[in-house]
Amino acid sequence: MIWNEKMECADRSTIEAVQLERLKETVERIYYHVPSYRKKMQEINLTPADIKKLSDLTKLPFTIKQDLRDGYPFGMFSAPRREIVRIHASSGTTGNPTVVGYTRKDLTTWAELVARGMAMTGMDQNDTIQIAYGYGLFTGGLGLHYGGECLGASVIPMSSGNTKKQIKIMTDFGATVLACTPSYALHIAETIEEKKIPGEDIKLKIGIFGAEPWTEAMRNQIEEKLHIKAYDIYGLSEIMGPGVGCECTAQNGMHIHEDHFIPEIINPKTLEPVAPGEEGELVITTITKEGIPLIRYRTRDLTKLHYGKCECGRTLVRMERCKGRSDDMLIIRGVNVFPSQIESVLLEMSETEPHYLLIVERIGTLDSLKLMVEVQQQFFSDEVKNLQNLRKKIAANLKSTLGIAVNVELVEPKTIERTSGKAKRVIDKRKL
Amino acid sequence: MIIKQLSVFLENKTGRLNEVTDCLGAADINLTALSIADTSEFGILRMIVSDPDKALKILKNAGFAVSLTEVVCLQSPNTPGSLAKALDILSGEGVFIEYLYAFSNGNNAANVVLKPGNIQKCITILQKNKMKLLKEDDLYQL
């Protein structure tokens, strides 16, 4: 089923006409309602009237994550507070999270776009979807939730964790669709295997997985173990949340909803557009958002765009699975982690040196984060319990800043390599 | 009656202990007693040596996380029940023991290094009960 055939299968000139009209409205909106955008445009002598054709988009300045942080919490909002009906946030690098607000119309759009994506995977109102993304400030849980309801499916709002209960509900309620991070899907699959749950008790047909990098090999593994079709879903809270793009049954790239977003690919070093079909950093402009429209937002995700018509019949552009990042952000169990967050936690504590080494591994199917950190000479103790307490304190501080558990290992002073250049702080052993 | 113990933080990696003993051997420092507290992530080496201040300096310069810790050394007869007697006295008076290790130097006596929660109280109680505590000089030369 194609949810919105008119938009999803429109020819290029129709899409571009819609985009231009909506882009103009958006530029007008941010120019008059968001002081920081107006200032940026005035600095380069640009007014909304200068946006006459779609290619004028490249005249507009980029937006980066730091811009949202500088305006913390609501500085980038372009709708009055009385129109904001939902607020989400994602973890910040050094203290402040990035905050996004949605008007009622934004939430309706979000739900429709997620429903479109679900329809792309073959889901319909006869399906029961178990949502094992986290519910809360993170957009994953609620984003999929309202999309599922919009589609008319039966939604089970499980949230993440408690695998045993996930499997019980999955079998008892006959869930046909699972939505979670790909690594958690694998974990669920392995637990099902271990518990020797008979195949006929699992009714799953479709998996909608995202929020972390995964590979084709992982997809094959999940599909084989769970006997499902696994689809990739793309999104980021700054732009909307999950559902900015979603794979169709062709499993050949994620369709981006171009009537709501204009994607570009740039070279992250030169910031110039790359040649069509080349890999680079994905930049997205939102053209229907009211709460917090963003112009040329640098996602930092590296990918390629394909404009050819898809075998599913949709004409919406397809983005390839993300290849990596153009910054140092790590995605651990679906949570964004910046090495600078770890540094700030260590700097705030007097007992540790800001010399550390972060080791990311995939143990079994789950990512694990190990932090090696130097103990300062004067805080060294002859008693095991004091050192264990120090470890626990560092781990607790990291957990409260990062939102995920970190395995802390204390090491001797001056044992972590010092380099004169950019220090090697992260060793990512995951084979992605 | 307070004894200086050398405590060294050791990462769990092969050869790290040798490096400590090599440093001390080269500086002509003798080890009287030693014990290691091991955890799954790291170890703490505790030693009684012939010249703790010099050893501290040497190990610090060699880049170890090292400190001096105050402990007491009880000398008890090398006979069944004598350690139990001393520990009964201490626990009866509410003295908590963080850790202890023992060694015998061949004579008819056993030496027990104790790290009590309250070192002054521990010394007073043991002396009041006529227990023999070794002095720094006695111990470092054993």
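The values are calculated or read from the model by the stated rules, or taken from the named source; none is laboratory data. Given the structure is predicted, the values throughout are model-derived calculations rather than measurements. A quick note on method: Cβ atoms are made from the backbone with ideal geometry, for glycine too, and the neighbour counts reach across all protein chains shown.
A few notes on this one:
- From A:Tyr133, A:Tyr102, A:Tyr146, residue being modelled with pLDDT under 95, among the aromatic types (Phe, Trp, Tyr) and under 19 Å from the mean Cα position of the chain (by Cα): A:Tyr133
- The residues on offer are B:Ile89, B:Ile97, B:Ile48, B:Ile58, and the sole one that is surrounded by fewer than 20 Cβ atoms within 10 Å (Cβ to Cβ) and within 14 Å of chain A (Cβ to nearest Cβ) is B:Ile97.
- Residue-level analysis places A:Gly241 outside the set of residues that are touching a His at 6+ places or on another chain (Cβ under 8 Å) and at pLDDT below 95.
- Qualifying residue in region A:353-365 (condition: surrounded by fewer than 16 Cβ atoms within 10 Å (Cβ to Cβ), in contact with a strand residue (DSSP E or B) (Cβ under 8 Å, 6 or more places away or on another chain), without any contact (Cβ under 8 Å) to a residue 24 or more places away in the chain and away from chain B (no Cβ under 14 Å)): no
- Among residues of region B:25-43 being of a type in the set (S, T, N, Q), within 14 Å of chain A (Cβ to nearest Cβ) and loosely packed, with under 15 Cβ neighbours inside 10 Å, the one that is farthest from the chain's Cα centre (by Cα) is B:Ser40.
Each row is one residue, and each column tells you yes or no for (1) among the hydrophobic types (A, V, I, L, M, F, W, C); (2) part of a strand (DSSP E or B); (3) surrounded by 19 or more Cβ atoms within 10 Å (Cβ to Cβ).
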residue: A:Met218; (1), (2), (3): yes, no, yes
residue: A:Tyr231; (1), (2), (3): no, yes, yes
residue: A:Tyr234; (1), (2), (3): no, yes, yes
residue: A:Ile239; (1), (2), (3): yes, no, yes
residue: A:Val244; (1), (2), (3): yes, yes, yes
residue: A:Ala250; (1), (2), (3): yes, no, no
residue: A:Lys269; (1), (2), (3): no, no, no
residue: A:Lys289; (1), (2), (3): no, no, yes
residue: A:Ile292; (1), (2), (3): yes, no, yes
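- Taking region A:387-405 as the range and being within 23 Å of B:Ser35 (Cα to Cα) and either surrounded by 15 or more Cβ atoms within 10 Å (Cβ to Cβ) or at the interface with chain B (Cβ under 7 Å from one of its Cβ atoms) (or both) as the test, the residues that pass are A:Leu387, A:Gln388, A:Leu390, A:Arg391.
- Selection status of A:Thr176, over 22 Å from A:Ala89 (Cβ atoms), modelled with pLDDT under 95 and among the hydroxyl-bearing types (Ser, Thr, Tyr): no
- Residue in region A:253-262 that is within 23 Å of A:Thr14 (Cβ to Cβ), part of a strand (DSSP E or B) and without any contact (Cβ under 8 Å) to a residue 40 or more places away in the chain present: yes
- Scanning region B:1-24 for residues that are outside any strand (DSSP E or B), within 13 Å of another protein chain (Cβ to nearest Cβ) and surrounded by 13 or more Cβ atoms within 10 Å (Cβ to Cβ) returns B:Asn12, B:Arg16, B:Leu17, B:Glu19, B:Val20.
- Number of positions in region A:406-429 that are away from every other protein chain (no Cβ under 13 Å) and either modelled with pLDDT of 90 or more or surrounded by 19 or more Cβ atoms within 10 Å (Cβ to Cβ) (or both): 1
- Looking only at region A:369-383, and only at residues there that are at the interface with chain B (Cβ under 7 Å from one of its Cβ atoms) and crowded, with 20+ Cβ neighbours inside 10 Å, the one that is farthest from B:Val71 (Cα to Cα): A:Val375
- Subset of region A:153-178 [under 17 Å from A:His227 (Cβ atoms) and small (Gly, Ala, Ser)]: A:Gly174, A:Ala175
- Among the strands (runs of 3 or more DSSP E) confined to region A:64-158, the ones with at least 3 residues that are surrounded by 20 or more Cβ atoms within 10 Å (Cβ to Cβ) and either out of contact with any strand residue (DSSP E or B) (no Cβ under 9 Å at 6 or more places or on another chain) or in contact (Cβ under 8 Å) with a residue 40 or more places away in the chain (or both) are located at A:98-103, A:128-131.
- Filter pass, A:Glu278 being assigned by TED's automatic domain parsing to the domain that holds A:Thr14 and more than 23 Å from the chain's Cα centre (by Cα): no
- Scope region B:100-120; condition among the hydroxyl-bearing types (Ser, Thr, Tyr) and within 13 Å of chain A (Cβ to nearest Cβ); matching residues: B:Tyr101
- Looking only at region A:159-195, residues that are buried (at least 20 other Cβ atoms within 10 Å of the Cβ), of a type outside the set (A, V, I, L, M) and in a helix (DSSP H, G or I) come to 4 in all.
- Region A:391-402 residues that are without any contact (Cβ under 8 Å) to a residue 40 or more places away in the chain, paired with ones that are among the hydrophobic types (A, V, I, L, M, F, W, C) and assigned to a helix (DSSP H, G or I) (beta carbon under 9 Å, 6 or more apart): A:Ser400/A:Val345
- Subset of region A:25-53 (residues that are of a type in the set (A, V, I, L, M), more than 27 Å from the chain's Cα centre (by Cα) and in a helix (DSSP H, G or I)): A:Met41, A:Ala49
- Matching residues in region A:1-34 - criterion: being free of Cβ contacts under 8 Å to residues at least 40 places away in the same chain and not hydrophobic (A, V, I, L, M, F, W, C): A:Glu5, A:Lys6, A:Ser13, A:Thr14, A:Glu16, A:Glu21, A:Lys24, A:Glu28, A:Tyr31, A:Tyr32
- Residues of region A:220-229 that turn out to be in contact with a strand residue (DSSP E or B) (Cβ under 6 Å, 6 or more places away or on another chain) and either in a loop (DSSP other than H, G, I, E, B) or at pLDDT 95 or above (or both), as a count: 3
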